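Novice: Quick one: structure below, then a few questions.
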Amino acid sequence: MTKQELCNLAIKSMENAYAPYSGYKVGAALLTKTGKVFTGCNIENASYTPTVCAERTAIFKAVSEGERNFTMIAVAGGKNGYISGEFPPCGVCRQVLSEFCDGNFTVLAVNGENSYKEYKLSDLLPCSFNSDNLK
Ligand code: THU
């Protein structure tokens, strides 16, 4: 699985986005250390708050299937399903990623059909609250 292939799966997952309120369609593709891919899309709700992002859909799908070791995630999205630029995961998704991934975990932010920008989780969420704080 190349980085571009993972990005392509994120782009494909945008098709399943349920975003009738924002019109912002997001897809994510999460790669496990064993080479499996879990995809996700954003799922909005009329009550707004229960809305879940594409990244968390992918992570929760994976964890609920027994997977907890991940190497990278690709994220793609845009208004009305049109990718006009990149965006890194929202703060809540960064926090959820940090529960299962170390700082070297890679985030691929898609910014075009064949283009993405690469981040490390440690750059996106420095000084995170984690299980060490609860000891
Ligand atoms: N969204 C995601 O799916 N991932 C992000 O990282 C940012 C935001 C979704 C949530 C909501 O359905 C829509 O984009 C607008 O915020």
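The values are calculated or read from the model by the stated rules, or taken from the named source; none is laboratory data. Given the structure is predicted, the values throughout are model-derived calculations rather than measurements. No Cβ is skipped: glycine too gets one built from the backbone with ideal geometry, and neighbour counts run over all protein chains shown. Please note that ligands, DNA and RNA were not included when accessible areas were found on the heavy atoms of the full protein model with its side chains. Shrake-Rupley method; radii C 1.70, N 1.55, O 1.52, S 1.80 Å.
Novice: Quick check on my filter: what residues within segment 64-79 are free of Cβ contacts under 8 Å to residues at least 60 places away in the same chain and either open to solvent by 40 Å² or more (accessible area, probe 1.4 Å) or near the ligand (Cβ under 8 Å from one of its atoms) (or both)?
Specialist: Ser64, Glu65, Gly66, Arg68, Asn69, Thr71, Lys79
Novice: Here's a follow-up. Among what's in segment 39-63 and is over 21 Å from Gly81 (Cβ atoms) and of a type in the set (A, V, I, L, M, F, W, C), pick the residue that is most open to solvent (accessible area, probe 1.4 Å).
Specialist: Phe60
Novice: Sticking with this structure for a sec: With the requirement that a residue be within 15 Å of the ligand (Cβ to nearest atom) and either farther than 23 Å from Ile11 by Cβ or among the charged types (D, E, K, R) (or both), what does segment 92-104 give you?
Specialist: Residues satisfying the conditions are Arg94, Gln95, Ser98.
Novice: Where in segment 51-135 are there helices (runs of 4 or more DSSP H), lying wholly inside it, with at least 2 residues that are in contact with a strand residue (DSSP E or B) (Cβ under 6 Å, 6 or more places away or on another chain)?
Specialist: On the way: elements: 54-64, 91-100, 121-124.
Correct list: 54-64.
Novice: Condition (residue is within 23 Å of Asn111 (Cα to Cα) and more than 12 Å from the ligand (Cβ to nearest atom)) applied to segment 40-63: is it met by at least one residue?
Specialist: Step one: of segment 40-63, the residues within 23 Å of Asn111 (Cα to Cα) are 40-44, 52-59.
Next, from what is left, pick out any that are more than 12 Å from the ligand (Cβ to nearest atom): none.
Within segment 40-63, not a single residue is within 23 Å of Asn111 (Cα to Cα) and more than 12 Å from the ligand (Cβ to nearest atom).
Novice: Something else: Select from segment 6-37 the residues that are assigned to a strand (DSSP E or B) and under 10 Å from the mean Cα position of the chain (by Cα) and write down the one among them that is nearest to Phe87 (Cα to Cα).
Specialist: From segment 6-37, those assigned to a strand (DSSP E or B) are 18, 24-32, 37; that's our starting set.
Among the residues that remain, those that are also under 10 Å from the mean Cα position of the chain (by Cα) are: 26-30.
Numbers: Val26: 10, Gly27: 12, Ala28: 12, Ala29: 15, Leu30: 16 Å.
Step by step, filter segment 6-37, then rank; the result is Val26.
Novice: Output the number of residues of segment 1-38 satisfying the condition of being near the ligand (Cβ under 9 Å from one of its atoms), surrounded by fewer than 22 Cβ atoms within 10 Å (Cβ to Cβ) and aliphatic (A, V, I, L, M).
Specialist: The number of residues fulfilling the criteria is 1.
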